[in-house]
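The values are calculated or read from the model by the stated rules, or taken from the named source; none is laboratory data. Since the model is a prediction, treat every value here as computed from it, not as a measurement. All Cβ positions, even for glycine, are placed from backbone atoms using ideal geometry, and neighbour counts span all protein chains on display.
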Amino acid sequence: MYTSYWNLRVSPFLNADDESFLYPSEQLQEGIARLYYLIDQERIAGMVTGPYGVGKTFLLSCLVRRTQKAKIPLVRFDAIPQGGLPMAAFILSALGIGDRPATFADAMMSFQRRCMDGGRGLVRHVLLIDEAQFLADGDGLLLVHSLSNLRIRSAGGEKPLFTIVLSGPPSLARSVEENESLRRRIQLVWALEPLSRHQTFEYVQQHMRAAGGDIWAFTSEALDAVHACSGGIPRNINNICDTALMLGFAAGARAIGPEIVSEAAEDAGLVRAPVDFNPSVPPPAAPGSALPPYQPQ
């Protein structure tokens, strides 16, 4: 709707898993590297936490791409409340185990029976579980605990059947902390934090550049407003900026100022920011070379 007005090829702020719009923040790249190390080294489990909209699912998608490139079998799904049995049945099916358990206990015995029989046909899988905070309801955490105990034979002895990566909000970490046996199996916890003011500037401008637009379509004062209203949460940034571009188009604006951002934040249900920004720290220079090119591993 507004793309041609702002000389954009596509909408730059859709909440979609599109690697061409990846903003490679230092913590995102380090989180990917650390969690992939667990996968590559056949460790048992890791966990990524952070507030809603901070980019955890995007991080998992990056892990999926690296894991698939390495040709490591992978199972990915979202946890569901009180879903121990259906989640276990889903994993059994993904591993090619044809059992159809009637109870959670039956499902656990199916896994154990196959492993105790020598694990014929079983190979190590990566298990990515998003929305893992729901594992705290019912048998979910017990499922993860049981799966982390499974071993299969290999040329070098035994190795875990699964490398498990859990993803969820900070409440997930608290639930795992209360389950000491499972906590001791988690070998890495990585917390994604909201973007800083400087990173928010770069994030918005990188998305505008990737869509073919002017990186200064948002004024520096507007970018300050975006950070203030969004709290540095990428999903909030996307919602505010997408709405701001639409409002700017409707108003015939030549650039997005803080007033438009403030109105967009209100439309998006976020905190309305003041429009008289006078930041003590100057905005970063136009990031023509500030952003390092993202190199998929």
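Values computed for the structure shown
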| read-out | value |
| --- | --- |
| Filter result for Ile97 (assigned to a loop (DSSP other than H, G, I, E, B), among the hydrophobic types (A, V, I, L, M, F, W, C) and touching a strand residue (DSSP E or B) at 6+ places or on another chain (Cβ under 6 Å)) | no |
| Residues located in the stretch 113-156, provided they are closer than 18 Å to Gly98 by Cα and either of a type in the set (S, T, N, Q) or touching a residue at least 40 places away in the same chain (Cβ under 8 Å) (or both) | Cys115, Gly119, Val123, Arg124, His125, Leu147 |
| Selection count, the stretch 160-180, where residues are touching a residue at least 12 places away in the same chain (Cβ under 8 Å) and surrounded by fewer than 16 Cβ atoms within 10 Å (Cβ to Cβ) | 2 |
| Filter result (small (Gly, Ala, Ser), modelled with pLDDT of 90 or more and either assigned to a loop (DSSP other than H, G, I, E, B) or buried (at least 17 other Cβ atoms within 10 Å of the Cβ) (or both)) within the stretch 100-127 | Ala102, Ala107, Ser110 |
| Test for Thr3: is it more than 27 Å from Gly138 (Cα to Cα) and hydroxyl-bearing (Ser, Thr, Tyr) | yes |
| Number of positions in the stretch 183-237 that are more than 20 Å from the chain's Cα centre (by Cα), in contact (Cβ under 8 Å) with a residue 60 or more places away in the chain and within 30 Å of Glu42 (Cα to Cα) | 1 |
